[in-house]
Amino acid sequence: MAGQALFDPLCAAAVAFMNKEELKDRLSALPCSRILFLASPSALERWRLAPLIEAMRERAVVNVVTASANNPTPKDIREALLKFAGEPIDGIAALGGGSIIDLAKGVSAFYDPESIPDEAQIVEGVRRHSYRLRDSFLPIVAIPTTAGTGSELTQWGTIWDLDEKKKYSVDAPMLKPRAAYIVPELTLTLSPPVTLSTGLDALSHAVEAYWSKRTSPLVRALASQSIGMILGSLEPLLARPQDMKLREKLCCASVLAGLAFSQTRTTACHSLSYPLTMFFNVPHGLAAAMTLGAVARRNAGHFPDDAELFDLFAPYGGVQAWLDGVCAQFRPLRLSSFGVKADALEMLCDHAFTAGRMDNNPVAFSRDDALAILREVL
């Protein structure tokens with residue numbers, strides 16, 4: 001057990017499952033007088049949130065900022081800050097997928113009521129983690145509209161530098177959302193491909209937490225429960241996308257996966273996934289799951305209770321067989337399905353080794369190992 005002790009609180013967020021009407025009541029009662037409500041441009045119309053915002057405005061000043069960031073960048077952070085320039089804010093309500101919640105973390109990390117950093121300053125701040133020197137951050141309430149990101153329970157948010165073709169993170173304990181409001185009915189509008197991708201993201205979080213170098217019996221218990229729920233509910237949900245019980249189950253599995261990997265972070269699969277998204281626009285969940293089977297085979301025998309993990313997949317023929325089956329109606333979970341050719345693999349390897357992710361894998365992978373994994377899923 002040496003090196004496996006967990007010193008972080010298991011969950012700093014107040015997690016609550018609710019319906020849309022209860023969400024309105026919760027947000028209306030937030031202990032903030034000036035709230036930034038951050039959402040995607042289509043969110044307000046899609047979920048008819050105008051009454052919710054008006055209810056919030058009965059007790060607080062609410063500044064609504066919409067952002068279409070998909071994989072947020074330093075530019076997106078600055079543009080969001082500019083939209084409420086000069087106005088004091090004492091809390092953020094972020095409603096959307098992982099990108100919106102990550103963007104909220106970026107805004108929280110760089111918010112200054114007296115000045116707005118330019119894009120270069122944000123890039124430098126993200127690289128050097130200078131925002132960690134701040135005395136305080138804007139508290140975040142996260143309302144995820146997908147079941148998979150886990151961002152509502154972690155202290156980090158992914159920020160993409162498209163100019164340098166690099167993935168960074170804002171990462172600080174005070175960036176953990178203070179509350180996570182889980183509203184399964186908000187996931188009813190997800191298309192089947194997005195339901196699949198986000199569900200596979202949650203699966204990857206749970207599996208990678210299970211075998212991470214920082215795993216523990218508690219992490220493995222949370223991850224096992226999450227994996228079992230995803231294996232039993234994701235494929236049926238794709239066939240019955242309006243099934244609220246399955247939506248709720250997948251949301252619960254996502255929360256459990258978020259709790260698990262908030263303690264461990266991710267491993268080789270996520271590290272290998274980042275350049276797939278950066279250079280070929282592979283949706284994040286699909287990119288993370290792409291190498292799950294290949295990495296699982298290499299990790300077998302090198303982490304505690306590995307047989308219990310593989311037993312979860314055994315009724316489906318193993319990790320890769322389950323992945324192939326659940327993706328069959330969409331497209332093969334292979335690099336070639338997204339336009340990746342063999343001559344791109346060397347370049348992908350150049351960007352596949354993210355510190356804190358690849359070196360968190362129970363087996364140390366060399367560049368040759370990474371190249372072999374990518375060739376296996378080509």
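The values are calculated or read from the model by the stated rules, or taken from the named source; none is laboratory data. All figures in this text were calculated on a predicted structure; none of them were measured in a lab. Quick note on the areas: whole protein, heavy atoms, side chains included, nothing else; ligands and nucleic acids left out. Shrake-Rupley method; radii C 1.70, N 1.55, O 1.52, S 1.80 Å.
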Q.
Not counting ligands, DNA or RNA, and with a 1.4 Å probe, what is GLU58's accessible surface area in Å² rounded to the nearest 10?
A. 150
Q: As a check on your grasp of the helix formula, calculate [θ] at 222 nm for the chain: sum -39500 (n - 2.57) over DSSP H runs of n ≥ 4, divide by the residue count, round to the nearest 500.
A: -14500 deg cm²/dmol
Q: List, in order, the whole-Hz ³J(HN,Hα) value for each residue of region 256-273 obtained from phi through the Karplus relation with A = 6.51, B = -1.76, C = 1.60 and θ = phi - 60°; use x for Gly and Pro.
A: 4, 5, x, 4, 5, 7, 5, 8, 10, 6, 8, 9, 4, 4, 5, 4, 5, 6
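Send over a whole-number figure in Å² for the accessible area per residue of the chain, probe 1.4 Å. Walk me through the numbers before you get to the answer.
Numbers: 15300 Å² over 378 residues.
For the chain, the per-residue accessible area is 40 Å².
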(Q) Please report the spacing between the Cα centers of region 82-134 and region 271-297 in Å, no decimals. (A) 28
Q. Of GLY150, GLY106, GLY325, which is the most mobile in a GNM of the chain whose springs link Cα atoms less than 10 angstrom apart?
A. GLY325
Q: Can you tell me the 0 to 90 degree angle between the C-alpha axis of helix 217-239 and the longest principal axis of the chain, rounded to 10?
A: 90
Q. When the Cα centres of region 306-326 and region 140-173 are compared, how far apart do they sit, in Å?
A. 28
Q.
Greater than 19 Å separation of Cα atoms is the criterion. Which listed pairs, LYS75/LYS167; LYS20/LYS176; LYS166/LYS341; LYS75/LYS166, meet it?
A. LYS20/LYS176; LYS166/LYS341
Q) Rounded, prolate or oblate: which fits region 53-184 when a ≥ b ≥ c are the square roots of the eigenvalues of the alpha-carbon gyration tensor, with rounded for a/c under 1.5 and prolate only if a/b beats b/c? A) oblate
Q: Compute, for ARG331, the solvent-accessible surface of its heavy atoms (probe 1.4 Å) with the complete set of protein chains present, and express it in square angstrom to the nearest 10.
A: 110
Q.
Using a 1.4 Å probe on the protein heavy atoms, what percent of the accessible area of the chain belongs to carbon and sulfur?
A. 52
Q.
Compute the helix-to-body angle for 119-128: its Cα long axis versus the longest principal axis of the chain, expressed 0 to 90° and rounded to tens.
A. 50
Q: Mind pulling the angle between the C-alpha long axis of helix 98-110 and the longest principal axis of the chain? Nearest 10 degrees, somewhere in 0 to 90.
A: 50
Q) Of all DSSP beta bridges in the chain, what percent run antiparallel (nearest 5)? A) 20
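When the chain is fully extended, how far beyond the present Cα-Cα distance does ALA355 get from ASP243, taking 0.36 nm per residue of separation? List each step's numbers first, then the result.
Working: separation 112, 0.36 × 112 = 40.32 nm, distance 3.96 nm.
Going from the current span to full extension adds 36.4 nm.
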**Q.** Mean-position separation - Cα centroids, region 18-64 and region 253-268, in angstrom
**A.** 28
Q) Where a ≥ b ≥ c are the square roots of the eigenvalues of the C-alpha gyration tensor, would you call region 170-240 rounded, which needs a/c under 1.5, or, failing that, prolate if a/b is larger than b/c, or oblate? A) oblate
